[in-house]
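S.K.: Below is the structure I would like to discuss, written out as structure tokens.
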Amino acid sequence: MNEASVPLEVRGLGKRFGDVVALDDVSFEVERSEIFGLVGPDGGGKTTLFRILTTLLLADSGSASVLGFDVVRDMWAIRERVGYMPGRFSLYPDLGVEENLRFFASVFGTTLEEGYDLIAPIYSQIEPFRDRRAGALSGGMKQKLALSCALVHRPDILFLDEPTTGVDAVSRREFWDLLDSLRESGLPIVVSTPYMDEASRCDRVALIQQGRILAIDDPGAIGRRFPNLLFSVRGGDRYAMLRALRDLPHSASVFPFGDELHYSDSRTGGDADAIAAEVRSFLRERGFAGAEVARIEPGIEDTFMALMGAPEAAAA
Amino acid sequence: MAHRSSPLSAFMAKELRHILRDRQTLTILLLLPLAMVVLFGFALRTDVNHIRTVFVDPSPDHATVALRARFLGNGRFDLVDISATTAEVEPIFRRGLADVAVVFEPGFADHLARGTPARVLVITDASDPNTGSRMQAYARAVIASYQAERGPGREGVRIVTQTRMRFNPSLESANLFVPGLIALVLTLVTALMTSISLSREKERGTLEILLVSPLRPWQIIVGKVLPYLGLAFANVVTALLAAWLIFAVPFRGSITLLLITSTLYAMVGLALGVFIAARTSSQRAAMLGAMAGTMLPTTLLSGMIFPIASLPGWLQPVTIVIPARWFIVIARGIMLKGVGLHYLWQPIAVLVVMLAVLMLVAIRSFKPRLA
Amino acid sequence: MTLAIDVHELTRRFGSFTAVDAITFHVDEGEVFGFLGANGAGKTTAIKMLIGLLAPTSGRASVAGFDVLTQADQVRRRIGYMSQRFSLYEDLTVRENITLYGGIYGLSDAGIRERGGSLIRELQLENAADERVSALPLGWKQKLAFSVAMLHRPAVVFLDEPTGGVDPITRRQFWEMIYAAASRGTTVFVTTHYLDEAEYCDRVSIMVDGRIAAMGTPDDLKRDNHVATLDELFVRLARPDAGAVAATGAGPAARPAPERR
């Protein structure tokens with residue numbers, strides 16, 4: 001790998017499948033020791049992007065280089081050096097845990113022993129089950145095994161396509177703890193996820209929807225892209241308050257967020273306190289006596305929803 | 001009362017839509033039976049034509065010439081050679097170049113004139129006992145009609161016809177079927193094995209990971225084929241043992257050559273399976289493709305049941321691309337005729353070429369990228 | 001008043017393995033009940049018993065007033081079901097799916113036309129009504145599947161992870177549809193991996209290792225366990241290092257979750 005080059009560089013990538021635009025002018029870079037997240041719902045183009053970067057698909061336009069190698073010309077150089085975990089934990093269910101690992105190690109010309117120290121934090125959690133058939137593992141354990149298999153040959157960059165889908169919240173947390181420790185070792189990690197809360201654990205996120213990147217920034221700062229003032233509304237029958245708030249003349253959006261509502265006001269440059277007071281009294285008039293309204297900083301999900309515009313139409 | 005569609009009719013309507021919308025399966029289910037009817041109809045012929053005939057006529061005279069002309073005028077017999085001695089008959093049979101040999105004894109016409117028995121020997125290649133008996137019957141009919149013609153005006157026209165069935169004197173039909181069955185079973189099992197294995201890898205998604213690795217496509221393919229070779233070889237041994245012990249099929253030739261050529265044939269099947277899997281998108285399609293692409297042609301067009309010579313003219317060249325056709329020649333040759341490399345190098349060479357071509361095409365159609 | 005769902009010591013064993021261990025709870029009519037739990041905790045098995053796909057080993061349960069074991073037929077006519085894995089036939093059009101399910105549930109032709117028509121209008125699918133479902137984006141499929149499951153006005157609707165992988169706006173539109181159904185009296189029994197969605201429910205239960213480890217309204221659960229979000233509670237229950245967890249509401253006292261391997 002060219003030491004001076006960036007681990008991943010993507011320029012204007014485009015891809016169509018028939019009439020469907022899967023990727024539209026996608027560009028970004030990933031540095032060493034970085035967890036870079038691609039965040040967006042299914043059908044957004046994440047898997048297509050991964051397949052192009054791992055040289056499984058050819059893009060229609062644009063270019064990309066992985067570890068300094070071009071994805072079109074230097075296919076084999078890339079394939080020798082990347083770790084890839086495609087969606088839905090592709091493992092051999094009829095082979096054992098250790099057998100799967102040894103197989104993937106040997107395919108890359110190395111052994112389990114040589115890669116052991118890198119995967120130890122992960123593998124130690126499933127090592128007691130090393131003789132069990134991979135098909136008999138729970139979702140969370142399969143995910144850890146798949147990650148181990150992607151790492152055992154000590155890749156120089158890691159591509160994880162929706163590694164936490166279908167796994168419960170606890171296993172997801174543990175998985176991200178593991179990614180944190182991997183990042184420390186210098187490994188650049190590109191991971192995609194539909195879960196907005198996981199986005200906050202990345203160093204930088206790219207919001208991607210319908211093949212287009214809406215924004216790239218670090219999770220804390222991405223709220224800057226939110227166009228309006230945002231308020232949280234609590235207390236009272238949420239559904240009823242939701243419908244009431246939509247009657248407000250200046251409401252830009254009203255969405256439920258867990259146990260509160262997020263209300264955004266279309267008046268740019270307005271005074272937050274004044275608007276909050278206005279909303280509070282409006283709700284009291286409508287019968288919601290205990291309503292609390294407070295200004296909040298927009299999060300990743302708020303920003304995503306504001307930037308994505310309307311959801312995809314049902315028919316073209 | 002408002003009209004209700006019953007749950008049952010709603011469900012059936014749905015099923016109908018599924019059937020009509022799955023164009024691929026629909027095409028196969030409509031065309032396949034049609035193809036089968038056509039092929040079976042043409043292949044299921046019980047009359048035999050183009051009987052390749054060798055005449056051995058040590059002392060040609062007006063009687064033998066007349067009789068020879070009768071054979072050739074009959075329409076079913078094709079002339080291969082006229083020889084003066086019986087020395088060449090055996091090699092011709094072993095090479096499979098003739099179906100029938102008609103041997104006249106010296107001084108045929110003299111015997112006839114004197115009223116002593118004039119002998120004619122009809123030797124038939126009975127590797128296929130059904131056609132063997134029929135060919136014998138035709139030959140005797142020709143001779144009988146000649147006899148009858150000459151008969152009324154004379155006495156003592158005695159043509160003594162001796163018949164001999166070569167290679168399969170007891171007309172065991174097992175000897176006919178078993179080599180063909182071995183071919184069929186080997187083809188089916190090998191093609192099915194590799195096509196399912198490969199398409200399962202595709203469907204499961206593990207193929208993606210394998211592709212994004214240093215493994216080259218040819219390594220993946222060879223890696224899929226060779227382990228099954230061991231299994232296929234075991235099948236070969238079992239099938240041959242069964243043929244020998246249960247069906248008492250003779251093993252007149254070299255067992256080693258038989259094992260080697262059977263394994264070669266199995267490899268052709270494995271390569272065919274890989275080729276099918278590389279071209280199909282699902283396990284189900286791969287299985288259907290493997291079965292349609294192997295069972296049907298092998299059963300009908302390899303000569304295992306229906307002789308190739310009986311097939312309509314336009315169908316005969318088609319049989320050249322069917323591996324089983326060549327393997328059956330080899331198997332019958334070794335088992336029934338006891339011949340070796342000297343006579344069988346051609347069909348063996350054909351199988352080798354087929355193997356090379358299939359492997360090459362399979363590797364090329366197995367793209368290292370998904371699209 | 002009949003409870004929409006009434007479960008008493010419901011148990012299911014597979015050989016020596018107990019997937020669901022004597023769970024007891026109830027759901028009132030018109031409630032939105034969140035049924036949470038980690039993968040492998042027994043959620044799917046429990047739901048299968050409630051909708052009549054699996055017979056209980058012991059215990060009893062009734063849905064919409066009918067026993068799931070002895071009156072399964074009656075139960076099926078009164079419930080709707082939608083799961084992430086399968087909801088509609090992809091190679092049929094929107095209209096055809098509506099006609100099919102309407103027919104299966106015994107609606108009259110006029111009824112199908114009327115309800116199907118208003119369904120299409122409400123979802124604004126007029127332009128896509130004759131498109132195959134496979135051509136619809138995921139979010140629309142899910143919304144349509146939910147509406148179709150509601151076509152025959154079931155008393156209870158079971159939703160198994162209905163919003164997986166869908167964009168955040170569509171997710172929330174989906175939940176508005178759930179609220180609308182609940183306000184019309186339909187009981188909604190939903191499982192989800194999105195713990196922010198758990199907050200939208202009237203009450204939730206959390207299953208761990210086959211047992212219900214916590215149950216109550218989101219506010220009560222958070223207050224009694226001194227956590228800010230249900231997510232924190234969930235993590236604590238699934239990986240217990242702390243002590244017992246308090247139960248609130250009308251459920252039984254939950255036992256501390258056993259040590260997970």
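The values are calculated or read from the model by the stated rules, or taken from the named source; none is laboratory data. Keep in mind it's a predicted model, so treat the numbers as computed, not measured. Ideal geometry is used to build each Cβ from the backbone, glycine not excepted, and the neighbour counts take in all protein chains shown.
S.K.: Would you confirm, using the coordinates I've provided, whether residue A:80 is assigned to a helix (DSSP H, G or I) and closer than 21 Å to residue A:191 by Cα?
M.R.: Judged against the criteria, residue A:80 is a match.
S.K.: Yes or no: the stretch A:141-163 includes at least one residue that is farther than 27 Å from residue A:78 by Cα, without any contact (Cβ under 8 Å) to a residue 12 or more places away in the chain and within 14 Å of chain C (Cβ to nearest Cβ).
M.R.: No, the conditions are met nowhere in the stretch A:141-163.
S.K.: Given the criterion more than 30 Å from residue B:23 (Cα to Cα), more than 14 Å from chain A (Cβ to nearest Cβ), modelled with pLDDT of 90 or more and surrounded by 16 or more Cβ atoms within 10 Å (Cβ to Cβ), identify the matching residue among C:51, C:23, C:98.
M.R.: Values: C:51 fails: modelled with pLDDT of 90 or more; C:98 fails: more than 30 Å from residue B:23 (Cα to Cα).
That would be C:23, the only listed residue that is more than 30 Å from residue B:23 (Cα to Cα), more than 14 Å from chain A (Cβ to nearest Cβ), modelled with pLDDT of 90 or more and surrounded by 16 or more Cβ atoms within 10 Å (Cβ to Cβ).
S.K.: Restricting to the stretch B:65-123, name every residue that is part of a helix (DSSP H, G or I), of a type in the set (Lys, Arg) and closer than 18 Å to residue B:145 by Cα. Even if it seems obvious, please write down each step before you answer.
M.R.: Filtering the stretch B:65-123 down to residues part of a helix (DSSP H, G or I) leaves B:65-73, B:86-95, B:108-114.
Cutting the leftovers down to of a type in the set (Lys, Arg) gives us B:68, B:70, B:94-95, B:114.
Residues satisfying the conditions are B:68, B:70.
S.K.: Could you say whether any residue in the stretch B:209-222 is touching a residue at least 24 places away in the same chain (Cβ under 8 Å), under 25 Å from residue B:178 (Cα atoms) and surrounded by 20 or more Cβ atoms within 10 Å (Cβ to Cβ)?
M.R.: No: zero hits.
S.K.: Right, something else. Within the stretch C:126-140, restricting attention to residues that are at the interface with chain A (Cβ under 7 Å from one of its Cβ atoms) and more than 26 Å from the chain's Cα centre (by Cα), which residue is surrounded by the fewest Cβ atoms within 10 Å (Cβ to Cβ)? First the steps, then the outcome.
M.R.: First, pick out the residues of the stretch C:126-140 that are at the interface with chain A (Cβ under 7 Å from one of its Cβ atoms): C:127-128, C:131, C:136-140.
With the extra rule that they be more than 26 Å from the chain's Cα centre (by Cα), the set shrinks to C:127-128, C:131.
On the way: C:127: 12, C:128: 23, C:131: 17.
Once the filter is applied, the top-ranked residue is C:127.
S.K.: Take residue A:270 and tell me if it is within 22 Å of residue A:199 (Cα to Cα) and surrounded by fewer than 20 Cβ atoms within 10 Å (Cβ to Cβ).
M.R.: On the way: within 22 Å of residue A:199 (Cα to Cα): no; surrounded by fewer than 20 Cβ atoms within 10 Å (Cβ to Cβ): yes.
No.
S.K.: Taking only the stretch A:77-87 into account, find how many residues are touching a strand residue (DSSP E or B) at 6+ places or on another chain (Cβ under 9 Å) and at the interface with another protein chain (Cβ under 7 Å from one of its Cβ atoms).
M.R.: Total meeting the criteria: 3.
S.K.: How many residues, within the stretch A:96-118, are within 14 Å of chain B (Cβ to nearest Cβ), of a type outside the set (Gly, Ala, Ser) and either crowded, with 22+ Cβ neighbours inside 10 Å or under 27 Å from the mean Cα position of the chain (by Cα) (or both)?
M.R.: Going through the stretch A:96-118 one residue at a time, the tally reaches 3.
S.K.: Run down B:178, B:236, B:274 and say which single residue is of a type in the set (Val, Ile, Thr), assigned to a helix (DSSP H, G or I) and more than 30 Å from residue B:98 (Cα to Cα). Explain how you work it out, then say what you get.
M.R.: On the way: B:178 fails: more than 30 Å from residue B:98 (Cα to Cα); B:236 fails: more than 30 Å from residue B:98 (Cα to Cα).
Result of the check over B:178, B:236, B:274: B:274.
S.K.: From the residues in the stretch A:206-251 that are among the polar types (S, T, N, Q) and assigned to a strand (DSSP E or B), which one is surrounded by the most Cβ atoms within 10 Å (Cβ to Cβ)?
M.R.: Of the residues in the stretch A:206-251, the ones among the polar types (S, T, N, Q) are A:209-210, A:228, A:232, A:251.
Still in the running and assigned to a strand (DSSP E or B): A:209, A:232, A:251.
On the way: A:209: 22, A:232: 17, A:251: 16.
Only one residue tops the list, namely A:209.
S.K.: Which pairs do you get when a residue that is on the phi > 0 side of the Ramachandran plot, found in the stretch C:190-216, comes within reach of a residue that is among the polar types (S, T, N, Q) and at pLDDT 90 or above, reach meaning Cβ atoms under 8 angstrom, with the pair 6+ apart or on two chains?
M.R.: Taking only residues 6 or more apart or on different chains, the pairs are C:210/C:18.
S.K.: Here's another thing I want to ask about it. Consider residue A:296 carefully, then state whether it is more than 13 Å from every other protein chain (Cβ to nearest Cβ) and surrounded by 13 or more Cβ atoms within 10 Å (Cβ to Cβ).
M.R.: So residue A:296 passes the test.
S.K.: Kindly indicate whether any position in the stretch A:166-174 is outside any loop (DSSP other than H, G, I, E, B), away from chain C (no Cβ under 14 Å) and without any contact (Cβ under 8 Å) to a residue 24 or more places away in the chain.
M.R.: As a first pass, look at the stretch A:166-174 and keep what is outside any loop (DSSP other than H, G, I, E, B): A:169-174.
When the remaining residues are screened for being away from chain C (no Cβ under 14 Å), the result is none.
Within the stretch A:166-174 (the criterion being outside any loop (DSSP other than H, G, I, E, B), away from chain C (no Cβ under 14 Å) and without any contact (Cβ under 8 Å) to a residue 24 or more places away in the chain), the answer is no, since none of the residues qualifies.
S.K.: Look through B:339, B:274 and report the one residue that is farther than 23 Å from residue B:238 by Cα and in contact with a helix residue (DSSP H, G or I) (Cβ under 9 Å, 6 or more places away or on another chain).
M.R.: Numbers: B:339 fails: farther than 23 Å from residue B:238 by Cα.
Selected residue: B:274, the only one of B:339, B:274 that is farther than 23 Å from residue B:238 by Cα and in contact with a helix residue (DSSP H, G or I) (Cβ under 9 Å, 6 or more places away or on another chain).
S.K.: Checking residue C:171 against (1) in contact with a Ser or Thr (Cβ under 7 Å, 6 or more places away or on another chain); (2) crowded, with 18+ Cβ neighbours inside 10 Å; (3) basic (Lys, Arg); (4) within 14 Å of chain B (Cβ to nearest Cβ), only one condition comes out false. Which one?
M.R.: In the conditions (1) in contact with a Ser or Thr (Cβ under 7 Å, 6 or more places away or on another chain); (2) crowded, with 18+ Cβ neighbours inside 10 Å; (3) basic (Lys, Arg); (4) within 14 Å of chain B (Cβ to nearest Cβ), residue C:171 misses (4) alone.
S.K.: For the stretch B:240-250, give me each residue that is in a loop (DSSP other than H, G, I, E, B) and either over 20 Å from residue B:324 (Cβ atoms) or of a type in the set (S, T, N, Q) (or both).
M.R.: Matches in the stretch B:240-250: B:246, B:248, B:250.
S.K.: Anything in the stretch B:332-342 that is on the phi < 0 side of the Ramachandran plot and surrounded by fewer than 19 Cβ atoms within 10 Å (Cβ to Cβ)? List them, or say none.
M.R.: B:340, B:341, B:342 - these are the residues of the stretch B:332-342 that are on the phi < 0 side of the Ramachandran plot and surrounded by fewer than 19 Cβ atoms within 10 Å (Cβ to Cβ).
S.K.: Residue by residue through the stretch C:196-228, note down the ones that are surrounded by fewer than 23 Cβ atoms within 10 Å (Cβ to Cβ) and either within 21 Å of residue C:166 (Cβ to Cβ) or hydrophobic (A, V, I, L, M, F, W, C) (or both).
M.R.: Across the stretch C:196-228, the qualifying residues are C:196, C:199, C:227, C:228.
S.K.: I need the full set of residues from the stretch B:342-368 which are in a helix (DSSP H, G or I), over 19 Å from the mean Cα position of the chain (by Cα) and hydrophobic (A, V, I, L, M, F, W, C), in order please. Quick ask: steps written out before the conclusion?
M.R.: Filtering the stretch B:342-368 for residues in a helix (DSSP H, G or I) gives B:342-365.
Retained after the next criterion (residues that are over 19 Å from the mean Cα position of the chain (by Cα)): B:342, B:356-365.
Listed by number, the residues that qualify are B:356, B:357, B:358, B:359, B:360, B:361, B:362, B:363.
S.K.: Looking only at the stretch A:46-77, how many residues end up being assigned to a loop (DSSP other than H, G, I, E, B) and charged (D, E, K, R)?
M.R.: 3
S.K.: Would you confirm, using the coordinates I've provided, whether residue A:65 is buried (at least 21 other Cβ atoms within 10 Å of the Cβ), farther than 18 Å from residue A:214 by Cα, in contact (Cβ under 8 Å) with a residue 24 or more places away in the chain and not aliphatic (A, V, I, L, M)?
M.R.: Considered against the rule, which asks whether it is buried (at least 21 other Cβ atoms within 10 Å of the Cβ), farther than 18 Å from residue A:214 by Cα, in contact (Cβ under 8 Å) with a residue 24 or more places away in the chain and not aliphatic (A, V, I, L, M), residue A:65 comes out as yes.
Quick grid of which residues meet (1) away from chain B (no Cβ under 14 Å); (2) modelled with pLDDT of 90 or more; (3) surrounded by fewer than 22 Cβ atoms within 10 Å (Cβ to Cβ):
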position	(1), (2), (3)
A:25	yes, yes, yes
A:35	yes, yes, no
A:41	yes, no, no
A:46	yes, yes, no
A:52	no, yes, no
A:61	yes, yes, yes
A:70	yes, yes, yes
A:91	no, no, no
A:120	yes, no, yes
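S.K.: Now for a separate question. Filter the stretch B:315-371 down to the residues that are among the hydrophobic types (A, V, I, L, M, F, W, C), within 14 Å of another protein chain (Cβ to nearest Cβ) and in contact (Cβ under 8 Å) with a residue 24 or more places away in the chain and list them by number.
M.R.: Within the stretch B:315-371, B:366, B:370 qualify.
S.K.: Another one. From the set of residues in the stretch C:177-190 that are surrounded by 21 or more Cβ atoms within 10 Å (Cβ to Cβ) and away from chain A (no Cβ under 11 Å), which is farthest from residue C:47 (Cα to Cα)?
M.R.: C:181
S.K.: Among the listed residues A:21, A:97, A:39, which satisfies the condition of being over 30 Å from residue A:134 (Cβ atoms) and touching a residue at least 40 places away in the same chain (Cβ under 8 Å)?
M.R.: A:21
S.K.: Could you grab the pairs with beta carbons closer than 6 Å, sequence gap of 6+ or different chains, first residue in the stretch B:99-119 and under 23 Å from residue B:133 (Cα atoms), second one among the basic types (Lys, Arg)?
M.R.: Matching pairs, first to second residue: B:99/B:52; B:105/B:119.
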